[in-house]
Structure formats: C-alpha cells, structure tokens
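Notes follow the structure.
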Amino acid sequence: MTQLLYIETFGCQMNERDSEIMAQLLGEHSYIQTSLPDQADVVVVNTCSIRGKAAHKAYSCFGRYKKLKEKGHDFILAVTGCVAQQDGEALLERMPYIDIVMGPQSIYTLPSLVAAARRDKKPLVATDLSADFVIPPFLPNLAEGAPHKRFITIMQGCDNFCTYCVVPYTRGREISRSFGDILTEATHLVSQGVKEITLIGQNVNSYGKKGDAARNKTFPELLRAVAAIEGLQRLRFTTSHPKDLSEELMRCFAEIPSLCPHFHLPFQSGSNSILTRMNRKYTIESYLDKVARLREYRPDIALTTDIIVGFPGETEDDFDATMQVVETVRYHGAYSFKYSDRPNAKAADFPDKVAEEIKTERLARLQTRQEEIALALKQLEIGKSVEIMVEGASKAPANQWSGRTGTNQIVNFSCERKLMPGDLLMVEIDSACQNSLRGKMI
C-alpha cells in the first residue's frame, strides 16, 4: 500500500543529501513524497545544530508537528541530523510525541525504524556513533531532484575539533567512503544524464588520510578519477579546511578542465590569536599564502568563505584583522555569523564572551563591506561572454531563464526557445545586481 512521506530539511548540503537518501530508502518501501505534512504517514525532520539559530528553528518545527498530532493526525514523527545526535534520549524527555530519534549514521536504517515504531507503538533512539562505521554503497534514483546536478557524499565526520564546532560530536570522527563506491555512483549519475556533480564532506581535503575505505587514495586522485567520467561537464566540491589544502589540490584547478573555478575556503577570523583559540591549526599568513598560490594556478578562481564574528575574547583589533582579510582577498561571497555557544564545544566554557550588541554591530559592518565587494566583482563581469549551465525557467516574466557560471554566479537572461536544465550556452553579461548577473544569449 502506498503511503506518504514528508521531509523537512535544515542546514548544509550534507543534510540535503541525507534527506535524498532517506526519501529513496522509504521510496523502496512504497512511500512517495508529499508537500503537505498534514497528509503524511511519516514526517522526517532533518536538523542542524551548527549554530544556535538553526537548532531553535528545529525546535520550533517540532511544536508544529505536536499540534498536528493533538488534532488526531496519526503519523510517525522521526527526527534526525545533528540535533537528534546531540540531544538523543533527552529529546524524547522534552518532546514525548516524537517517535524516532536517529543520528546521521543511522539514516540507512530508517525503513526498519519506521516499521518498528509503527509495530511496537513506543519511541526509538538510534544515536550510536561508531568509529568503524562504513558508509554503505548507494545508487541514487533520479526520480527526485534536479536531474542535471547532484551531490555525492565522499566522507562524514571531522577530526579537527575546532573549539566552536559540534560536528565531531554530532557526526563523529572522519570516515572516508570507498573510492570505488564513489566512482560507481558518479558513473551511474552521469549515465542517467547528470551534467554536474558536487563532492561533499565536512572536510573533503582530508579524504583518504586515515587509510580507511578510501584505501589511501587522496582527494586530488578522487577529483581526477571523477573528472575522467565521460559525459560529466562540471565538477565541484565543498567544504575544505585550509590546513589540509595541498599543492596537488591547487594544481587540479589548472589541470582539470571540468573542475569549476570556485573554491569555498573558510578562514573564520583574521586574527592569529583568535585562530589559535579556535584550534584552527593555521595562521592567517599561511592562509593568505595559499590564496595567492591558488590564484597563480587559476587566476579567474572565485573564492567564498565562512567568518565568525564575536568569538570569545575577540577585540576590536582582532575584528579589524578579519576586515583586513576581507579587503585583501576580496571574496565573491561569505557566510558570516555571530558566534554562539554550542553544546560540547570547548568555546562554550571560554571566558571573555563578547556582548551581543557588539557582535551585532561588527557583523553588520562586515556584511555591508562584503556586499560592496561582491557587487564590485560582479560589475567587473559586465561586457564579458561567459559559459553558463541552465538551471531553469523563471516563473515570471515569460521567456526568462536562470543559469550558473563556473564561478557559481547566478545569471538571469532572456531566451524565447525552450531550454533544458543542464544545457551549456554562452551569455554576454550586460548588468550586475547584488545577488545575480543579467545578460543576453549569444
């Protein structure tokens, strides 16, 4: 009998990919996805706790499903992701109407957990983190999602233990996926018409370093192997840690034609004293040296980053050093956030917390300047002819389309003929907006 599944996803690309996997696993047991949670037989909430705001959103979401249950709607409510791993059984104590609490390593058992919860009528907790966990082989069903581009998980977890971060506690230690399984999945996707693949992990640069299922293959070797798949047009990856950025990986940007000239390289703070307190294991001088080397290999590379404002002990001089990095590197985009204490993370116990109003003011100053830089970089594209990959048609006005450059810039343009997502074409840029470019087809 066909049943309905609703999934609500918060957070990063890892969570997005996990949600796709869970949808497919339940799809193999006659579940189809719905956009209406009040009609679903199973509701899955895939949570994020990387920052306090993300965790609060998840808890607010749980309250909505409690009201649905109080109205008599009988469904299985499963919570996964970092909040589930972090809070475990305590989540059930606070919210006994939840039926399943499962960590990221347990998502592959979701069908059996749903069956057990329905059969036994009692809540289940599956939050064990195993250092021996092996990411199972998985071939995606392309019935869901954009057919022209997909994510592939190449590793899970993190060994860095940055003092502000919960990832080692919620996703466990670094585990690389089998080199062969990744290539099999990538080949399968391209054979089904996928044009662009993004390799994802908490720190893709350290893929294979532990001698696990990757069998001592390096991340650059993986990039070259995936890029060699016939029919793949574009290759991307995220996220990277600067300390693990090798010369071999930098060379890939010059030597692999399908590797897009876009690199997300978090620096978090421009102050060496703050970087030390964050346990980032690099100096800002070494970071800037790697940025310079990257630009030698690929002068047109677009860099984006992550920045934390108001880390405990951050002085005005420390913040000025962060602003100086922004001025020096000139990022195409930045994810910037106010520091917030996270459970288990060491920085939660640090003294010298920065006042909320100071964090707010610094963040506003940073974001204003970064937006100015990003717009100026977009304006430099005016008059250039760039290759874009079509994303899709705009809902309005008619004959408007959207695509993405290799540098990950959105381009909106007019075209009267029908295009398909994944089509590659040339567009001449004629204007720049804060979040996108505009152009005309050549």
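The values are calculated or read from the model by the stated rules, or taken from the named source; none is laboratory data. This structure is a prediction, so every number in the text was calculated from the model and none was measured. Ideal geometry is used to build each Cβ from the backbone, glycine not excepted, and the neighbour counts take in all protein chains shown.
Numbers for the structure displayed
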item	result
Test result for Arg173, within 21 Å of the chain's Cα centre (by Cα) and closer than 17 Å to Gln13 by Cα	no
Filter result (in a loop (DSSP other than H, G, I, E, B) and either surrounded by fewer than 14 Cβ atoms within 10 Å (Cβ to Cβ) or among the charged types (D, E, K, R) (or both)) within segment 347-371	Pro351, Asp352, Lys353, Ala355
Residues of segment 383-429 satisfying the condition of being surrounded by 18 or more Cβ atoms within 10 Å (Cβ to Cβ) and at positive phi	Gly422
Filter pass, Lys338 being surrounded by 14 or more Cβ atoms within 10 Å (Cβ to Cβ), in contact with a strand residue (DSSP E or B) (Cβ under 8 Å, 6 or more places away or on another chain) and charged (D, E, K, R)	yes
Qualifying residue in segment 312-319 (condition: modelled with pLDDT of 95 or more, of a type outside the set (D, E, K, R), surrounded by fewer than 18 Cβ atoms within 10 Å (Cβ to Cβ) and not assigned by TED's automatic domain parsing to the domain that holds Arg251)	yes
Pair list, Cβ under 8 Å, 6 or more apart: segment 113-132 residue more than 17 Å from Ile76 (Cβ to Cβ), other residue among the hydrophobic types (A, V, I, L, M, F, W, C) and outside any strand (DSSP E or B)	Thr127/Ala84
Residue that is modelled with the lowest pLDDT [pool: residues in segment 165-208 that are of a type in the set (Gly, Ala, Ser) and in a loop (DSSP other than H, G, I, E, B)]	Gly208
Single residue of Gly72, Gly63 found to be of a type outside the set (Phe, Trp, Tyr) and on the phi > 0 side of the Ramachandran plot	Gly72
Filtered residue count, segment 129-162, keeping only those that are crowded, with 19+ Cβ neighbours inside 10 Å and small (Gly, Ala, Ser)	1
Selected residue [closer than 27 Å to Thr405 by Cα and touching a Phe, Trp or Tyr at 6+ places or on another chain (Cβ under 9 Å)] from Leu199, Leu189, Leu183	Leu199
Residue within segment 392-411 that is farther than 30 Å from His148 by Cα, touching a helix residue (DSSP H, G or I) at 6+ places or on another chain (Cβ under 8 Å) and of a type outside the set (Val, Ile, Thr) present	no
Test: Val309 is within 30 Å of Asp87 (Cβ to Cβ) and in contact with a Leu (Cβ under 7 Å, 6 or more places away or on another chain)	yes
Hey, Gly211 modelled with pLDDT under 95, in a loop (DSSP other than H, G, I, E, B) and under 26 Å from Leu26 (Cα atoms) or not	no
Qualifying residues in segment 35-64 (those that are crowded, with 17+ Cβ neighbours inside 10 Å and hydroxyl-bearing (Ser, Thr, Tyr)) - the one modelled with the lowest pLDDT	Ser49
Some residue of segment 111-128 being surrounded by 16 or more Cβ atoms within 10 Å (Cβ to Cβ), over 18 Å from the mean Cα position of the chain (by Cα) and in a loop (DSSP other than H, G, I, E, B)	yes
Single residue of Asn203, Asn216 found to be surrounded by fewer than 22 Cβ atoms within 10 Å (Cβ to Cβ), on the phi > 0 side of the Ramachandran plot and of a type in the set (S, T, N, Q)	Asn216
Index of the failed condition, Tyr108 passing every other in (1) in a helix (DSSP H, G or I); (2) more than 18 Å from Thr170 (Cβ to Cβ)	(2)
Out of Lys281, Lys346, Lys338, sole residue that is in contact (Cβ under 8 Å) with a residue 60 or more places away in the chain and out of contact with any Phe, Trp or Tyr (no Cβ under 9 Å at 6 or more places or on another chain)	Lys281
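Residue by residue, here is whether (1) within 21 Å of Gly172 (Cβ to Cβ); (2) assigned to a loop (DSSP other than H, G, I, E, B); (3) β-branched (Val, Ile, Thr) holds:
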| residue | (1), (2), (3) |
| --- | --- |
| Glu230 | no, yes, no |
| Leu235 | no, no, no |
| Pro266 | yes, yes, no |
| Tyr287 | no, no, no |
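Let's see how each residue does on (1) out of contact with any strand residue (DSSP E or B) (no Cβ under 7 Å at 6 or more places or on another chain); (2) assigned by TED's automatic domain parsing to the domain that holds Asn46; (3) of a type outside the set (Ser, Thr, Tyr); (4) on the phi > 0 side of the Ramachandran plot:
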residue: Arg173; (1), (2), (3), (4): yes, no, yes, no
residue: Val190; (1), (2), (3), (4): yes, no, yes, no
residue: Gly193; (1), (2), (3), (4): yes, no, yes, yes
residue: Ile197; (1), (2), (3), (4): no, no, yes, no
residue: Gly208; (1), (2), (3), (4): no, no, yes, yes
